[in-house]
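Notes follow once the structure below has been shown.
The values are calculated or read from the model by the stated rules, or taken from the named source; none is laboratory data. Only a predicted model underlies this, so the values are computations on that prediction, with no experimental measurement involved. Positions of Cβ are backbone-derived with ideal geometry, glycine not excepted, and every protein chain shown enters the neighbour counts. For accessibility, only protein heavy atoms count, side chains too; no ligands or nucleic acids. Shrake-Rupley method; radii C 1.70, N 1.55, O 1.52, S 1.80 Å.
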Amino acid sequence: MSTICETTFRVDSRDVDMFNQCRPSALLGYLQEAATQAAIQLGASGPEILEKYNCLWMVSRNWVELDAPLRWNEEVTIQTWHRGGSGVATYRDFDIFRDGVRIGQGVSQWVMVDADTHKLYRLRDVVEFQGTDGGERKKTMKLHRVPMPQTFQETGHRYLGYSDTDINGHINNIHYADFACDALHLERHGQGKFVREFQISYIGECKAGEELAMETAVEGEHLYARGVGAEGDSRFEYAMTLADFT
């Protein structure tokens, strides 16, 4: 069964940066809401999964690619579909449209964890996912941990607060893009360019009240950031590629 959900958003003044471009975090917010609406259609929304399986949804990786920047007051339409479920991780695919023309795409990887033990749940046991995919639209891309440079520079610390949290009490996945863009000083690197591609790996859970050491690296148009917890391990890793636009 092919189940494609379509949701349209308008890029508003809260979503754009100083270059009048939709921030990566705002675009992730559109994808997240489109995914939520699609999960509701499948009967697999967060509250339903918690009630039926005592599990929580957790995103483990996000990847987005754009051919052109999105700007204030433009309409963006997201088409998304679930790629089916069998192992412990599942994929959701996205196509991004402006004025009926596809200008980007995305892939997210999700896992279900037991609400009490946080053990991974086998997705083959989730009846709502059986036989669902995007048909001919299904993407083949698999997401792996972001490849990172060998050398990083610590650029500061990021306190995680109430405004960063989601319904599960964790840091909302879209905010990690803001953490990375701030640490990388995108206000310096972004003039005359747009974010062509970015990927985030969510490695360790973060909650309000914690503080991350932010580390960055820049290799030409490729920018990298990671947040390191008090224990010295990476909590998230971010890679971004900038491109010129006409």
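Put a plus charge on the Cβ of each Lys and Arg, a minus charge on the Cβ of each Asp and Glu, and nothing anywhere else: the dipole of the chain about its Cα centre is then about 540 debye. Shape verdict for the chain, please, from the Cα gyration tensor: rounded (a/c under 1.5), prolate (a/b greater than b/c) or oblate. It comes out oblate by the Cα gyration axes.
With charges set only on the Cβ (+1 for Lys and Arg, -1 for Asp and Glu), what does the dipole of segment 158-242 come to about its Cα centre, in debye to the nearest 20?
220
Legend: calculated FRET efficiency, residue 119 to residue 222, from the Cβ-Cβ distance at R0 = 41 Å, rounded to 0.05, equals 0.70.
Please say if segment 128-246 is rounded, prolate or oblate, where rounded means a/c under 1.5 for a ≥ b ≥ c the square roots of the C-alpha gyration tensor eigenvalues, and otherwise the choice is prolate for a/b larger than b/c and oblate otherwise? Oblate. Legend: residues 142, 119, 193, sorted from most to least accessible area (1.4 Å probe; ligands, DNA and RNA excluded), read 119, 142, 193.
On full extension of the chain, what length is gained from residue 51 through residue 151, given 0.36 nm per residue of separation minus the C-alpha to C-alpha distance? Before the final figure, lay out the partial values.
Details: separation 100, 0.36 × 100 = 36.00 nm, distance 4.49 nm.
Here the answer is 31.5 nm.
Averaging sequence separations of C-alpha pairs under 8 Å and six or more residues apart, then dividing by the length of segment 1-106, give the relative contact order as a whole percent. Across segment 1-106, relative contact order equals 34 percent.
Between the residues 56, 87, 217, the greatest Cα displacement towards the positive end of the dipole of the chain, with unit charges on the Cβ of Lys, Arg, Asp and Glu, is found for 87. Across the accessible surface of segment 20-64, with the other protein chains kept in place and a 1.4 Å probe, carbon and sulfur atoms take up 53 percent.
Across all C-alpha atoms in segment 1-146, the radius of gyration and Dmax reach 15.6, 46 Å.
Between residue 40 and residue 18, the FRET efficiency estimated from the beta carbon spacing at R0 = 30 angstrom works out to 0.30. Quick one: pull the percent of accessible area on segment 164-225 belonging to carbon and sulfur, 1.4 Å probe, ligands and nucleic acids left out. Here carbon and sulfur together make up 44 percent of the probe-accessible area. Note on residue 245 and residue 68: the model spin-label points, each 7 Å out from Cα along the C-beta direction, lie 0.9 nm apart.
Using a/c under 1.5 as the rounded threshold, could you call segment 85-190 rounded, prolate or oblate? The axes a ≥ b ≥ c are square roots of the C-alpha gyration tensor eigenvalues, and prolate needs a/b larger than b/c, oblate otherwise.
Oblate, because a/c is 1.5 or more while a/b does not exceed b/c.
Counting only the backbone N, which residues of segment 197-223 are under 12 Å from the spot 7 Å out from the Cα of residue 233 toward its beta-carbon? What the label zone holds, given the 12 Å backbone N cut-off, is 203-206. Separation of segment 103-161 and segment 183-238, taken as the distance between their Cα centroids, equals 17 angstrom. All other residues whose Cβ lies under 14 angstrom from that of residue 184 are scored, Lys and Arg at +1 and Asp and Glu at -1, for a net of -4. For segment 65-173, the solvent-accessible area with a 1.4 angstrom probe is 53 square angstrom per residue.
Each Lys and Arg contributes +1 and each Asp and Glu -1, all at the Cβ; summed about the Cα centre of segment 103-160, the dipole is approximately 240 debye.
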